[in-house]
1. Condition first: at pLDDT 75 or above and of a type in the set (D, E, K, R). Now tell me which residues in the stretch 1-53 satisfy that.
2. Is there a residue being surrounded by 10 or more Cβ atoms within 10 Å (Cβ to Cβ), in a loop (DSSP other than H, G, I, E, B), without any contact (Cβ under 8 Å) to a residue 60 or more places away in the chain and of a type in the set (A, V, I, L, M, F, W, C) anywhere in the stretch 25-48?
3. Would you confirm, using the coordinates I've provided, whether TYR135 is hydroxyl-bearing (Ser, Thr, Tyr), part of a helix (DSSP H, G or I) and surrounded by 12 or more Cβ atoms within 10 Å (Cβ to Cβ)?
4. Going by the structure shown, is CYS141 in contact with a strand residue (DSSP E or B) (Cβ under 8 Å, 6 or more places away or on another chain), in contact (Cβ under 8 Å) with a residue 24 or more places away in the chain and either under 15 Å from ASP67 (Cβ atoms) or exposed (fewer than 11 other Cβ atoms within 10 Å of the Cβ) (or both)?
5. How many residues does the stretch 68-112 hold that are over 32 Å from the mean Cα position of the chain (by Cα) and part of a strand (DSSP E or B)?
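The values are calculated or read from the model by the stated rules, or taken from the named source; none is laboratory data. Computed from a prediction, not measured in an experiment: that's the story for all the values here. Glycine also receives a Cβ, built like all others from the backbone with ideal geometry; neighbour counts cover every protein chain displayed.
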Amino acid sequence: MFHRIRRRAKNPSETQGRFAENHAQMQGQVPPGSGVPAPEPEAAEPAAVVDDFLPPELRVPSHDQVDGRMMPWAQPLVLDGEMAACAECGAYRDWLILSTRGEIWLRCRAGHQQQETRIDTAWYNRHAGPATGTYATFEDCLHHHGY
């Protein structure tokens with residue numbers, strides 16, 4: 001079997017022969033336009049300046065333009081195997097989770113706030129949905145979420 005493979009390898013195939021012939025014919029040829037300087041581009045009229053940004057009422061502020069974000073969390077919040085509860089009234093569900101300046105705060109329905117160190121901003125970003133609006137004041141945002 002191996003002697004047939006070696007015999008076949010000694011003689012070039014028909015395709016290899018055609019390639020060698022074409023290569024020999026093209027050896028002395030130069031592509032058209034080679035060595036000729038490229039024509040100078042025509043001076044175009046300056047394009048009109050168009051504001052391609054969204055109108056101000058449709059723009060979403062970036063993370064550094066807002067003081068914080070908040071989302072409702074209706075079910076009990078279980079962190080590290082234990083349920084989070086309000087330190088003042090004992091509420092354990094229906095939270096408003098606030099993310100501001102790299103800190104996470106929990107606000108119960110009664111209006112008590114406590115910092116939650118077991119949650120970080122990455123956790124908040126994973127669980128928060130898209131922003132439903134921007135508000136001028138903290139109270140406006142609380143009112144929007146029904147607190």
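1. GLU14, ARG18, GLU21, GLU40, GLU42, GLU45
2. Checked against the condition, which is being surrounded by 10 or more Cβ atoms within 10 Å (Cβ to Cβ), in a loop (DSSP other than H, G, I, E, B), without any contact (Cβ under 8 Å) to a residue 60 or more places away in the chain and of a type in the set (A, V, I, L, M, F, W, C), the stretch 25-48 yields no hits at all.
3. Values: hydroxyl-bearing (Ser, Thr, Tyr): yes; part of a helix (DSSP H, G or I): no; surrounded by 12 or more Cβ atoms within 10 Å (Cβ to Cβ): yes.
In short, no.
4. Working: in contact with a strand residue (DSSP E or B) (Cβ under 8 Å, 6 or more places away or on another chain): yes; in contact (Cβ under 8 Å) with a residue 24 or more places away in the chain: yes; either under 15 Å from ASP67 (Cβ atoms) or exposed (fewer than 11 other Cβ atoms within 10 Å of the Cβ) (or both): yes.
In short, yes.
5. 2
Results for (1) surrounded by 14 or more Cβ atoms within 10 Å (Cβ to Cβ); (2) modelled with pLDDT of 95 or more; (3) over 14 Å from LEU142 (Cα atoms), shown as yes or no for each residue.
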position	(1), (2), (3)
ASP64	no, no, yes
MET71	yes, no, no
ALA74	no, no, yes
ASP80	no, no, yes
ALA85	yes, yes, yes
ARG101	no, no, yes
ARG109	yes, no, no
THR117	no, no, yes
ASN125	no, no, yes
